[in-house]
Amino acid sequence: MSVKEKVIYQIYPKSFLDTNQDGIGDLQGIKRKIPYLKQLGVDMIWLNPIYPSPQKDNGYDVADYLAIHPMFGTMKDFEELTTTAKANGIEIMLDMVFNHVSTEHEWFKRALAGEKKFQDYFILRDEPTDWVSKFGGNAWAPFGETGRYYLHLFEQSQADLNWRNPAVREELFEVLRFWMSKGVKGFRFDVINLIGKDEVLQDCAENDGKPAYTDQPIVHEYIRMMNQASFGEDEEIVTVGEMSSTTPENCILYTNPEREELTMTFNFHHLKVDYMDGKKWTKMPFDFAKLKENFHNFGTKMSQENGWNALFWNNHDQPRALNRFIDAENYRVAGAKMLASAIHLNRGTPYIYMGEEIGMLDPAFESIDQYVDVETLNAYEELLEAGMSEEEAFEIIKTKARDNSRIPMQWDHLEFSGFSNVAPWMSVGKSAKELNVARELKEGTIFNYYQRLIRLRKEYSVISEGSYEAFLPEHPQVYGYIRRCGNHSLLVLNNFFSQKATLDLPEEFLSGEVLINNYETEKLVERFELQPYQSIAIYI
Ligand code: GLC
Ligand code: CA
């Protein structure tokens with residue numbers, strides 16, 4: 001099967017299913033739910049980091065790339081999971097956190113102990129620059145008692161690796177080969193466009209210093225080296241790079257097959273449309289024009305230059321899209337389907353984040369004590385320091401915290417939502433009693449809609465292969481696009497509002513066939529009206 005026909009499902013292992021009743025999800029839990037994932041129809045599952053880690057950033061602070069964190073199980077559990085998944089037509093994608101390691105990693109400890117070889121694994125300088133850490137504060141911390149500083153673009157305990165050092169690259173490429181030998185067929189590369197740092201690092205007042213270390217030309221070279229040294233030899237392997245603050249031009253370079261870099265890239269521009277003045281920790285309604293402009297910008301350019309997008313609304317770093325873009329109180333079901341269609345019929349590879357297929361929501365926590373993420377807690381402190389009241393700061397935390405998506409999966413109506421028999425590491429969402437897998441499979445329609453979308457991608461080459469062009473880019477309510485492949489075309493219309501929307505259907509589509517629609521099929525007439533959050537796809 002071509003990668004363009006595949007759909008990937010993301011699992012946050014800590015919160016998927018707990019089988020040994022310690023309140024933490026585990027590999028056996030994922031294995032137990034393989035039949036559920038098969039029923040949904042996905043081809044690959046991406047697991048967030050499962051390696052030994054002090055969990056300061058929930059596993060994105062890796063202490064050993066070549067082992068399994070005991071709380072998730074053993075290497076044998078991992079092998080069993082891979083085998084069971086494969087037997088059900090599902091491959092495994094692992095998360096590779098190669099920009100930094102935990103300060104608990106042996107490399108950092110030996111560097112601190114004075115071993116020159118390992119000091120060269122990190123970015124050490126006599127003078128810090130003015131760069132700001134993505135989790136708040138300056139991005140440099142004292143390197144022991146040496147009077148020097150080490151770079152940490154994220155949390156203090158996540159020390160950036162020195163990719164200029166060939167020995168570091170070789171260590172990391174070996175990590176890939178190790179997991180390939182275990183049958184892993186996918187890699188997701190964490191913040192991979194940040195790995196290229198200059199020899200001489202300079203202050204950069206603009207945008208917290210991002211331009212000084214983001215998408216440097218050398219990143220493309222490093223990725224190509226990585227490709228050649230590992231996954232490039234196996235055509236089946238799927239790779240996706242997580243790109244922080246990137247551009248379509250760079251994403252084309254990262255993914256055009258001729259360049260032998262990656263299969264596809266995640267970018268986040270479409271999710272920054274509810275950031276006031278570009279700042280995440282603010283609260284505002286989403287800017288629809290901006291959302292659409294970002295989709296069209298990436299969609300069109302990637303299509304013209306043979307790049308490939310990873311398409312997604314949700315992940316472990318984002319509050320639920322249903323809470324951000326939809327009036328979920330009144331239109332949760334229609335809205336969930338509309339969002340799904342908007343990306344599953346689009347050009348690129350769709351990702352489903354666990355729970356999305358049943359229309360899960362943010363947890364509606366009532367107290368700051370229910371939040372655990374380091375980024376959230378730092379942001380809360382910063383908001384208070386900036387003079388906000390606790391209520392004001394909490395309102396922002398509620399809408400933006402990464403914890404929103406990290407709560408336990410809602411399997412059934414029981415006390416801990418069928419995730420565990422004991423209190424989980426994070427509180428269960430408020431809606432779990434009504435909104436869970438058991439009920440959805442019995443009487444819901446969202447799961448079934450996702451099944452159909454996944455099937456359509458495999459049946460219609462216009463969905464998997466077609467080009468992308470914007471349709472009615474100026475429409476105030478509708479995000480529309482046209483896909484074309486050979487003699488076939490697909491028009492996809494998505495109403496992003498709870499008011500009806502009207503538009504003129506192009507003549508060529510009036511005689512078309514409705515492939516999927518989240519309302520009852522109606523007549524295709526020139527002056528066409530879309531219902532609240534309606535999504536319809538017309539095929540000719
Ligand atoms: C990525 C991950 C995020 C993590 C960060 C640092 O953005 O998705 O969860 O905190 O990288 O590794
Ligand atoms: Ca467990």
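The values are calculated or read from the model by the stated rules, or taken from the named source; none is laboratory data. Values in this document were obtained by computation on a predicted structure and should not be read as measured data. Note: ideal-geometry Cβ built from the backbone for every residue, glycine included; neighbour counts use all protein chains shown. Just the protein is used for accessible areas: all its heavy atoms, side chains included, with ligands, DNA and RNA removed. Shrake-Rupley method; radii C 1.70, N 1.55, O 1.52, S 1.80 Å.
Hey, can you tell me all the residues within the range 203-221 that are part of a helix (DSSP H, G or I) and either farther than 20 Å from E127 by Cβ or of a type in the set (D, E) (or both)? Before you say what the answer is, go through the steps one by one.
So in the range 203-221, the residues part of a helix (DSSP H, G or I) come out as 206-212, 217-221.
E206, N207, D208, P217, I218, V219, H220, E221, listed by residue number.
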So, of the residues in the range 147-174 that are part of a loop (DSSP other than H, G, I, E, B) and out of contact with any strand residue (DSSP E or B) (no Cβ under 8 Å at 6 or more places or on another chain), which turns out to be most open to solvent (accessible area, probe 1.4 Å)?
-> R164
Filtering the range 79-98 for residues that are open to solvent by 10 Å² or more (accessible area, probe 1.4 Å) and either within 17 Å of the chain's Cα centre (by Cα) or of a type in the set (D, E, K, R) (or both) leaves a count of 4
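Each row is one residue, and each column tells you yes or no for (1) open to solvent by 20 Å² or more (accessible area, probe 1.4 Å); (2) free of Cβ contacts under 8 Å to residues at least 24 places away in the same chain; (3) within 15 Å of ligand 1 (Cβ to nearest atom).
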residue: H100; (1), (2), (3): no, no, yes
residue: E104; (1), (2), (3): yes, no, yes
residue: G114; (1), (2), (3): yes, yes, no
residue: F118; (1), (2), (3): no, yes, no
residue: R125; (1), (2), (3): yes, no, no
residue: D130; (1), (2), (3): yes, no, no
residue: G136; (1), (2), (3): yes, no, yes
residue: W140; (1), (2), (3): no, yes, no
Does the range 485-501 include one or more residues that are open to solvent by less than 10 Å² (accessible area, probe 1.4 Å), in a strand (DSSP E or B), closer than 15 Å to A342 by Cα and small (G, A, S)?
-> no
Across the range 297-350, the tally of residues that are open to solvent by 20 Å² or more (accessible area, probe 1.4 Å) and under 19 Å from A470 (Cβ atoms) stands at 7
Would you confirm whether any residue within the range 471-482 is open to solvent by 40 Å² or more (accessible area, probe 1.4 Å) and farther than 28 Å from N330 by Cα?
-> no
If you check A205, A159, which single one turns out to be among the small types (G, A, S) and under 25 Å from the mean Cα position of the chain (by Cα)?
-> A159
Could you grab me the full set of residues in the range 3-20 that are open to solvent by 10 Å² or more (accessible area, probe 1.4 Å) and either modelled with pLDDT under 95 or near ligand 2 (Cβ under 7 Å from one of its atoms) (or both)?
-> T19, N20
From the options K109, K76, residue that is away from ligand 2 (no atom under 16 Å from the Cβ), among the charged types (D, E, K, R) and open to solvent by 20 Å² or more (accessible area, probe 1.4 Å) | K109
Checking V333, V372 in turn, the sole residue that is within 16 Å of ligand 1 (Cβ to nearest atom) and either farther than 30 Å from F135 by Cα or more than 17 Å from the chain's Cα centre (by Cα) (or both) turns out to be V372
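Step by step: first the residues of the range 175-202, then only those that are aromatic (F, W, Y) and part of a helix (DSSP H, G or I), then the one that is farthest from ligand 1 (Cβ to nearest atom). Which residue is that?
Taking the range 175-202 first, the residues aromatic (F, W, Y) are 178-179, 187, 189.
Within this subset, residues satisfying the condition of being part of a helix (DSSP H, G or I) are 178-179.
On the way: F178: 20, W179: 18 Å.
Within the range 175-202, the match that is farthest from ligand 1 (Cβ to nearest atom) is F178.
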May I ask you to say which residue of G29, G23 is open to solvent by less than 10 Å² (accessible area, probe 1.4 Å), within 13 Å of ligand 2 (Cβ to nearest atom) and more than 19 Å from E440 (Cβ to Cβ)?
-> G23
Of (1) within 21 Å of F266 (Cβ to Cβ); (2) in a loop (DSSP other than H, G, I, E, B), P363 satisfies every one except (1)
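Filter the range 56-73 for residues that are away from ligand 2 (no atom under 16 Å from the Cβ), free of Cβ contacts under 8 Å to residues at least 60 places away in the same chain and surrounded by 21 or more Cβ atoms within 10 Å (Cβ to Cβ) and give the result. Give the steps one after another, and end with the answer.
So the first thing to find is which residues in the range 56-73 are away from ligand 2 (no atom under 16 Å from the Cβ), and the list is 56-57, 60-67.
Of the ones still in play, those that are also free of Cβ contacts under 8 Å to residues at least 60 places away in the same chain are 62-64, 67.
Passing the criteria: V62, A63.
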